[in-house]
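The values are calculated or read from the model by the stated rules, or taken from the named source; none is laboratory data. For clarity, every value in this text was computed on a predicted model and none was experimentally measured. All Cβ positions, even for glycine, are placed from backbone atoms using ideal geometry, and neighbour counts span all protein chains on display.
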């Protein structure tokens, strides 16, 4: 089905392209369907009558025509329909292959670096004859994390396109870059204005998790006086971090200090522990993380329990290191982390 995706242009005169380059030739937007059958012209300037010519050939003194709407003209071999749309809601036009629907999309990046809010109109679908099918606001399609990713602060991309699914249904696709390797996709059925992918807000939450230490640390804060000698005692068996982690039978996580969350402090705390013959933590020392991170990690580590170690028929003390990560983690990464964590509380 034929679809126009019209990316809206917020009216901010100071950021108008014509203000930047007043001598440029004005253009009406022209787009073709992938099969080349249909074409559409967003007629911003009436002296461009159809898709055979793109340049208006004149420059308005203020760079913006004094009009409240533009005409979207839809062609096959001849003019099929003309639809009047608000002048501030038309930027780019995408045309698909069958000629049944128009989709107007308000751009997520506004003028001068602004971005859309959840309440702003986003997708509006028309029939090719101009009848309204329905609309969705930004918040109906994207979550707050999606919106943060397309803000000027993140400098991520938003990509739009048309696609036909295996069942023949045509969808308009919005893809949001969430990292260098990951994208979030939202599909909208152009015939029903239905969102086909449930909107799941994946905004990362402040979380704490533990892993083995990849690189041992020797720059710890001073442990309590009654523990200092324990780390160098000759009867304490030192083991690799991954072996210590694998022996854990109970491992409560630290609370994420509220002041750290508000101050945007994130990072790891490496905790070195000495474990008794019974598997309880006797002593700990930790690396530094401001605003309570060190204390939270140390307090949690002292509540861990481990499987006792036996050597030559007797239990022995042992020591090793863990790292507690204070991070913002989304649901997908959290599920992966929990999948490989030891089965303890």
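Residues in region 201-252 that are exposed (fewer than 15 other Cβ atoms within 10 Å of the Cβ), assigned to a loop (DSSP other than H, G, I, E, B) and modelled with pLDDT of 90 or more: 233, 234, 235, 240. Based on what the data block shows, is residue 278 exposed (fewer than 14 other Cβ atoms within 10 Å of the Cβ) and assigned to a helix (DSSP H, G or I)? It is false that residue 278 is exposed (fewer than 14 other Cβ atoms within 10 Å of the Cβ) and assigned to a helix (DSSP H, G or I). In region 314-345, the qualifying residues are those that are modelled with pLDDT under 85 and closer than 18 Å to residue 254 by Cβ, and the one that is nearest to the chain's Cα centre (by Cα) is 329. Here residue 341 meets each of (1) under 21 Å from residue 215 (Cα atoms); (2) in contact with a helix residue (DSSP H, G or I) (Cβ under 8 Å, 6 or more places away or on another chain); (3) assigned to a loop (DSSP other than H, G, I, E, B) with one exception, condition (2).
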